[in-house]
Amino acid sequence: MAWLSVAVADQIQPGDFIQVDTGNLYLLVCNVKGELFAIEDQCTHDGSSMVTGCIEGDQIICPRHGARFCLRSGAALTPPAYDAVQTFPVRLYDNQIQVDIPA
Ligand code: FES
């Protein structure tokens, strides 16, 4: 695992998220009322990106068929998705938002 800087601290405002291309995978880095979360940007229902989805509370809604995922745990909360998305640790370090990703 390796900490990757993905944004400056105030770049992702509460209720907002960004997509990050790590070179190996796409992530969504989300700000939920000041808490930061990172998930793989690949819906477990049919592989869609969720970058055009929306956040409600600590959930993200896939834009294709409406599955909801918990941003904290990655758990699939509603059909048609049943498997969790991968989550990654996030930290603030030296005014940078960093995600711990597989090396
Ligand atoms: S691809 Fe996400 S709910 Fe179908």
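A short reminder: the numbers here are calculations on the coordinates, not readings from a lab. Owing to the predicted nature of the structure, the values given are computational and were not obtained by experimental measurement. Quick reminder, even Gly has a Cβ in these numbers, built from the backbone with ideal geometry, and neighbours come from all protein chains shown.
Since only PRO80, VAL90, VAL32 are under comparison, the one whose Cα sits farthest along the positive direction of the charge dipole of the chain, derived from C-beta charges on Lys, Arg, Asp and Glu, is PRO80.
Could you work out the relative contact order of the chain, using alpha carbon pairs under 8 angstrom and six or more residues apart, expressed as a whole percent? List each step's numbers first, then the result.
Values: 231 pairs, mean separation 29.7, N = 103.
Relative contact order for the chain comes out at 29 percent.
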